[in-house]
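Structure first, then comments.
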Amino acid sequence: MSIATKRGDSGQTGLPGGVRVSKAHPRVECYGTVDELISQMGLARALTNDPEVNDLTRSLQRELFKVGSAIGTSPESRKPAPEITAEMIAALDSEVQRIEAMPGILNDWSVPGELAGSAAFDVARTVCRRTERLAVALHETGEIANPQILVYLNRLSDVLWLIGRLLELRAGANAALRSPDQPGARWSRAW
């Protein structure tokens, strides 16, 4: 069986549950951005040699397939959307608390680019934020009924940012960013 079904040659695609829509539909844009996020996280993982971070990232990538499917399932679908649970969000909250509790983690924004891996996680965070904006638009029009999707994406972006800082901390690359003698090395969260 080939992956080239040719069913999308006319610009239509199938959603979970058998609904067909234009590939330009906002729902397709949103779950396509989840796919982009999964791939960006894969690149970040490939650029990182930290086993703990890699295991966490792989787990989050797998979970994002469920999020993408939930976004891709329209209200007209013959099957229900996968559930994005409070437990999934609580696990992200736990990661935020665990990483923030580490001595030396920045409490302020940093300039991306200290390490290839941390920079890749910073790019993943921006893709996550774009996904979140697209999901908010779908939620506001009633296309996504489950508000947990929005909470999940918001929390995931926090985790991705913190992973970047964790990698920098472990490599000693963020020491200059913590120094008040480095003008322009820190951004305010108010930005």
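The values are calculated or read from the model by the stated rules, or taken from the named source; none is laboratory data. Every value quoted in this text rests on a predicted model; they were computed, and no experiment measured them. Ideal geometry is used to build each Cβ from the backbone, glycine not excepted, and the neighbour counts take in all protein chains shown. Surface accessibility is based on the protein's heavy atoms, side chains included, excluding ligands, DNA and RNA. Shrake-Rupley method; radii C 1.70, N 1.55, O 1.52, S 1.80 Å.
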Check your understanding: Once phi is turned into ³J(HN,Hα) by the Karplus curve 6.51 cos²θ - 1.76 cosθ + 1.60 with θ = phi - 60°, what whole-Hz value does each residue of the stretch 158-163 show in order, with x for glycine and proline?
Key -> 5, 4, 5, 4, 5, 4
Review point. Add -39500 (n - 2.57) for each DSSP H run of 4 or more in the chain, then divide by its residues: what number comes out at 222 nm, to the nearest 500 deg cm²/dmol?
Key: -20000 deg cm²/dmol
Practice item. Taking the dipole about the Cα centre of the chain, with the C-beta of Lys and Arg at +1 and of Asp and Glu at -1, give me whichever of A137, L166, T48 is farthest to the positive side. Key: A137
Point to revise | Which label in (i) 57, 33, 28; (ii) 40, 38, 32; (iii) 77, 49, 27 gives the computed Cα extents along the principal axes in Å | key: (i)
Point to revise | For the stretch 70-154: relative contact order, % (alpha-carbon pairs under 8 angstrom, 6 or more apart) | key: 39
Review point. Among I38, I105, I71, which one shows the biggest mean-square fluctuation in a GNM of the chain, springs joining Cα atoms closer than 10 Å?
Key: I105
Check your understanding: Expressed as a rounded percentage, what relative contact order does the chain have, with Cα pairs under 8 Å and six or more residues apart?
Key -> 25
Check your understanding: Using a 1.4 Å probe, what is the accessible area per residue for the stretch 1-83, in Å²?
Key -> 58
Check your understanding: Leaving out ligands, DNA and RNA, what percent of the accessible area of the stretch 28-176 is carbon and sulfur, probe 1.4 Å?
Key -> 53
Point to revise | Rounded to whole Hz, the Karplus (6.51, -1.76, 1.60) HN-Hα couplings of the stretch 137-151, x for glycine and proline | key: 4, 5, 5, 5, 9, x, 6, 10, 8, 8, x, 4, 4, 5, 4
